[in-house]
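Heads up: the structure comes next, in structure tokens.
Please treat every number below as a calculation from the coordinates, not as lab data. These numbers were taken from a predicted model, which means no experiment stands behind them. Heads up, the Cβs are rebuilt from the backbone with ideal geometry, glycines too, and the neighbour counts pull from every protein chain shown.
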Amino acid sequence: MRNDTVYVLRQSIVKITQMLAGSGLQVTQRGVSASVETDPATGKPVRVNLPYLPDNASEELCNAVQGFLDHEVGHVLFSDFQV
């Protein structure tokens, strides 16, 4: 049986990834932490990493990954990385 919450969240991540790809930003799902990686030369964001979301992820983990996604995209849109 498919975990619908995991499925919906993965689809959301895919859609947001596609939107951000237009700006050349890579989105990955690896490890257990969320971050924004910047280009050392320009200070501009080049990659957002979100924690890996397994098929059997708990509701709490799904909520956390959604929060990480929102938070990191907020950094991309509103943070001054040169500060």
statement: Within the set 66, 11, 26, GNM on the chain using Cα springs under 10 Å gives the largest fluctuation to 11
- prompt: So, counting K/R as plus one and D/E as minus one, what does the shell of residues with Cβ under 10 Å around residue 46 add up to?
  reply: 0
message: Shape verdict for region 9-52, please, from the Cα gyration tensor: rounded (a/c under 1.5), prolate (a/b greater than b/c) or oblate.
response: oblate
- request: Please get the size of the charge dipole for the chain, origin at its Cα centre, with Cβ charges of +1 on Lys and Arg and -1 on Asp and Glu, quoted in debye to the nearest 20.
  value: 260
task: Report the net charge of residues surrounding residue 23, where surrounding means a beta-carbon distance below 13 angstrom and charges are Lys +1, Arg +1, Asp -1, Glu -1.
output: +1
- request: Just add up the charged neighbours of residue 81: K/R +1, D/E -1, any other residue whose Cβ is under 15 Å from the Cβ of residue 81.
  value: -2
- line: In degrees, nearest 10, the alpha-carbon axis of helix 59-78 is tilted away from the dominant principal axis of the alpha carbons of the chain by 20
